[in-house]
Each structure stands twice: as C-alpha cells, then as structure tokens.
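Student: This structure is in structure tokens; I'll ask about it shortly.
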Amino acid sequence: MGDKLDILLNILSVSCYEGLAYGLLTIGFFLTFRVLDFPDLTMEGSFPMGGATAAALIVYAEWNPFLATLGAVIIGVLAGLITGFINTKLKVTALLSGILMMVGLYSVNLRIMSGSNIPLLRHDTVFDLAGQVLGLGKMGLAIAVAGAFALLAFLLLTWFLHTEIGLALRASGDNEQMVRGVGADTDKNILIGCAIANGMIALTGSLVAQYQGFTDVSMGIGIIVTALASAIIGTALFRPNRVITMLLACFGGSFIYRMIITVALRLGMSPGDLRLITSVMVLIALTIPLIQKLTRGEWVPPAPRL
C-alpha cells in the first residue's frame with residue numbers, strides 16, 4: 001500500500017511541475033493559434049532557443065540564472081516579432097512565416113550553443129538558487145519555481161488581456177475586418193501577440209533546460225503537438241469563456257496531458273511511442289465534435305484546407 005501511494009504521489013508531483021512549466025508553453029500556443037487565429041510554427045524554434053540562450057548565458061557568459069532566464073524571454077520575444085514582421089510587413093502567409101522562422105532558428109540555436117548541446121550540471125540554475133533559500137527537495141523545489149513563474153505570467157497576462165491593447169488583440173483574432181473598420185492597427189496586434197507568445201514559449205524552454213541539466217538543439221521537435229494536445233484537453237474539459245478560465249484551462253490541460261504521459265511511461269511504454277500516443281489523443285479529441293454532430297444528424301461542412 002505504501003509503495004502504491006509513493007508511486008501515486010510521484011506521478012502527481014511530476015505532473016504538477018510539468019503541468020506548470022509546459023502550461024506556459026500551452027498559453028503561448030493558445031494566444032497565437034486560438035486568440036489571434038495565427039498558425040505560428042515558430043515555437044519549434046523558440047522553445048529550444050529559450051533553453052539555448054539561458055544555458056549559453058549561464059555557462060559561457062556566467063550570468064545570474066534569473067537574468068539568463070530573462071534574456072531567454074527577450075530572445076523569444078524578438079523571434080516572435082520577426083515572425084509577425086514577415087507576415088504583416090513582407091506579406092508572407094502566417095503559416096509560411098512560422099515555417100521559415102522555425103527552420104532558420106535551428107541554425108541560430110546551433111550558433112548560440114556553439115554546438116548541438118550545453119550541459120548545465122556543474123553550474124547554478126534558478127532551481128539551485130531558489131533551493132538555497134527555500135530548502136526544499138528536488139521535486140518540491142521544481143514545483144515551487146515553476147509555480148512562481150506560472151503565477152507571475154498568469155497575473156500579468158490576466159491584466160494585459162483586459163487592457164485596451166489586450167482587448168484589441170483578442171478582437172483581431174475574432175474578426176480582423178471589424179477591428180480594421182474601427183481604425184485599430186491589426187498588424188500591431190499580431191506583432192504584440194506573436195512576441196508575447198514566443199516569449200512565454202522561450203521561458204518554458206529555459207526552465208525545462210535548467211531543470212533537466214542540459215539543453216539540446218532538437219528539444220523542440222514535436223513540441224507543437226504537445227501544446228496542441230494540452231490546449232485541446234483543457235478547452236474540452238474546462239470550456240473556458242473568459243480570460244481567467246482560458247489561462248487556467250491551459251494549465252489544467254497541460255497537467256492532465258503530462259499525467260497521461262507519466263502514467264504511460266510508468267506502465268512500461270517506450271519513450272519513442274509517446275509522440276504516437278499524443279497524436280492519437282489529439283485525433284480523438286478533434287473528432288469528438290464530428291461524432292456528436294453525426295449522431296445528431298447535423299450537416300457537417302467540408303474540412304478547412306488552411
């Protein structure tokens with residue numbers, strides 16, 4: 001009985017940390033794909049870039065880990081701004097803009113790291129510095145640090161999305177023509193949205209890299225599917241209709257998704273099978289509305305091509 005309780009607590013604690021950390025990633029995904037209606041694939045490059053930037057600043061430049069994490073966020077914001085600029089000013093489609101940035105950032109990340117990876121095991125991270133103050137165990141410390149960053153992001157985004165600029169940003173995704181009709185600058189809203197989203201994603205990358213003790217150029221592969229699965233689970237279960245519930249749904253969906261993955265690993269599944277499991281989960285979640293319409297005899301429109 002005691003062993004089973006320990007396993008359960010371990011699953012919940014790991015899922016809690018990963019849910020908080022990757023919840024920031026899910027929020028970044030949600031801001032572009034759902035709020036702005038902007039299919040931004042930059043995140044597969046900005047996620048590892050956050051880890052690469054933080055690690056390079058800690059190891060090579062010997063920065064304070066908190067300043068290095070802030071530097072990673074700034075780099076992510078710049079990546080988002082460039083993606084938005086390519087779309088709004090160079091008139092390249094949103095999807096292609098993200099693909100171009102994703103491909104380009106792979107080479108940028110290699111330059112930042114001066115190689116394919118950077119180990120952090122012999123250097124202090126934000127978790128080590130926080131541990132000197134809090135005195136918690138490894139997992140408790142991970143939850144506390146990720147929770148602090150998640151709470152800060154939650155409060156700042158809740159405030160921002162209720163400001164005039166935030167309301168205009170949300171409206172741009174719902175009806176861009178209407179927003180332009182009242183004289184608002186939708187290009188500026190896209191730039192701001194992409195910048196904030198990729199800043200959040202780079203923050204996640206920096207925290208994940210510091211917790212696991214290394215960063216790798218390939219750590220962003222498949223991260224879009226992870227964010228998509230978390231967002232779909234969160235919106236399906238919590239049905240958010242306000243800013244606060246939207247942000248909470250991102251964290252909740254991320255927690256549940258990470259818990260499913262943790263349980264799958266505990267059951268002996270190969271890590272190589274996890275992406276297939278994720279894809280199946282997303283496919284099932286996406287087809288639930290279709291099944292509901294078919295059972296009610298409703299008309300189903302053709303599938304969108306973009």
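Student: Taking the stated definitions as given, is Leu265 out of contact with any Leu (no Cβ under 7 Å at 6 or more places or on another chain), over 20 Å from Ala153 (Cβ atoms) and either touching a residue at least 12 places away in the same chain (Cβ under 8 Å) or part of a helix (DSSP H, G or I) (or both)?
Tutor: Considered against the rule, which asks whether it is out of contact with any Leu (no Cβ under 7 Å at 6 or more places or on another chain), over 20 Å from Ala153 (Cβ atoms) and either touching a residue at least 12 places away in the same chain (Cβ under 8 Å) or part of a helix (DSSP H, G or I) (or both), Leu265 comes out as yes.
Student: When you scan region 274-282, do you find a residue that is closer than 23 Å to Phe238 by Cα and either free of Cβ contacts under 8 Å to residues at least 12 places away in the same chain or not in a helix (DSSP H, G or I) (or both), even just one?
Tutor: Taking every residue of region 274-282 in turn, at least one turns out to be closer than 23 Å to Phe238 by Cα and either free of Cβ contacts under 8 Å to residues at least 12 places away in the same chain or not in a helix (DSSP H, G or I) (or both).
Student: When you go through (1) within 22 Å of Glu44 (Cα to Cα); (2) out of contact with any Ser or Thr (no Cβ under 6 Å at 6 or more places or on another chain) one by one for Arg258, which number turns out not to apply?
Tutor: Result: Arg258 fails condition (2) only.
Student: Considering only region 4-17, I want to know if a residue exists there that is under 18 Å from Gly199 (Cβ atoms), part of a helix (DSSP H, G or I) and out of contact with any Pro (no Cβ under 8 Å at 6 or more places or on another chain).
Tutor: No: region 4-17 contains no residue that is under 18 Å from Gly199 (Cβ atoms), part of a helix (DSSP H, G or I) and out of contact with any Pro (no Cβ under 8 Å at 6 or more places or on another chain).
Student: If I go through region 234-254 residue by residue, how many of them are modelled with pLDDT under 90, surrounded by fewer than 23 Cβ atoms within 10 Å (Cβ to Cβ) and part of a helix (DSSP H, G or I)?
Tutor: 5
Student: For Leu36, all conditions in the list (1) surrounded by 23 or more Cβ atoms within 10 Å (Cβ to Cβ); (2) farther than 16 Å from Ala197 by Cβ hold save one; what is the number of the exception?
Tutor: Result: Leu36 passes all but (2).
Student: Could you please let me know if Gly213 is under 30 Å from Ala168 (Cβ atoms), surrounded by 14 or more Cβ atoms within 10 Å (Cβ to Cβ), in contact (Cβ under 8 Å) with a residue 24 or more places away in the chain and more than 13 Å from the chain's Cα centre (by Cα)?
Tutor: For Gly213, the condition - under 30 Å from Ala168 (Cβ atoms), surrounded by 14 or more Cβ atoms within 10 Å (Cβ to Cβ), in contact (Cβ under 8 Å) with a residue 24 or more places away in the chain and more than 13 Å from the chain's Cα centre (by Cα) - is not met.
Student: Quick one: is Ile190 more than 12 Å from Gly45 (Cα to Cα) and in a helix (DSSP H, G or I)?
Tutor: Considered against the rule, which asks whether it is more than 12 Å from Gly45 (Cα to Cα) and in a helix (DSSP H, G or I), Ile190 comes out as yes.
Student: So, in region 98-133, exactly how many residues are free of Cβ contacts under 8 Å to residues at least 40 places away in the same chain and surrounded by 14 or more Cβ atoms within 10 Å (Cβ to Cβ)?
Tutor: Qualifying residue count, region 98-133: 3.
Student: Can you confirm whether region 43-62 contains a residue that is surrounded by fewer than 22 Cβ atoms within 10 Å (Cβ to Cβ) and either farther than 15 Å from Thr215 by Cβ or touching a Cys at 6+ places or on another chain (Cβ under 6 Å) (or both)?
Tutor: Scanning region 43-62, I find at least one residue that is surrounded by fewer than 22 Cβ atoms within 10 Å (Cβ to Cβ) and either farther than 15 Å from Thr215 by Cβ or touching a Cys at 6+ places or on another chain (Cβ under 6 Å) (or both), so the answer is yes.
Student: Can you tell me how many residues in region 187-210 are of a type in the set (Val, Ile, Thr) and free of Cβ contacts under 8 Å to residues at least 24 places away in the same chain?
Tutor: Selection size over region 187-210: 0.
The values are calculated or read from the model by the stated rules, or taken from the named source; none is laboratory data. As the structure is a computational prediction, the values presented were derived from the model and not from experiment. Methodologically, a virtual Cβ is constructed for each residue, glycine included, from the backbone with ideal geometry; neighbour enumeration extends over all protein chains shown.
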